[in-house]
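Data block below; observations after.
The values are calculated or read from the model by the stated rules, or taken from the named source; none is laboratory data. For clarity, every value in this text was computed on a predicted model and none was experimentally measured. Note that each Cβ is placed from the backbone with ideal geometry, even for glycine, and that neighbours are counted across all protein chains shown.
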């Protein structure tokens with residue numbers, strides 16, 4: 001499923017396009033090559049809806 005959704009996003013979604021995403025937020029952390037703790041928040045997408053024209 002992930003591969004198909006990625007292809008749709010790459011092909012049809014551009015900056016400024018309206019979309020609706022259903023899923024959950026996840027947070028994770030890691031140490032970069034310099035030993036600095038980094039954090040990120042990601043959306044685990046279950047459903048994507050393209051809005052507008």
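Please tell me if residue 35 is at positive phi, modelled with pLDDT of 90 or more and surrounded by fewer than 10 Cβ atoms within 10 Å (Cβ to Cβ).
The answer is yes for residue 35.
Give me the residue from the range 1-29 that is surrounded by 10 or more Cβ atoms within 10 Å (Cβ to Cβ) and without any contact (Cβ under 8 Å) to a residue 12 or more places away in the chain and, out of that set, nearest to the chain's Cα centre (by Cα). The selected residue is 6.
Per the conditions (1) at positive phi; (2) surrounded by 10 or more Cβ atoms within 10 Å (Cβ to Cβ), the sole criterion not satisfied by residue 43 is (1). Filtered by the rule that a residue be in contact with a strand residue (DSSP E or B) (Cβ under 8 Å, 6 or more places away or on another chain) and not in a strand (DSSP E or B), the range 1-37 gives 5, 8, 9, 12, 13, 17, 18, 32.
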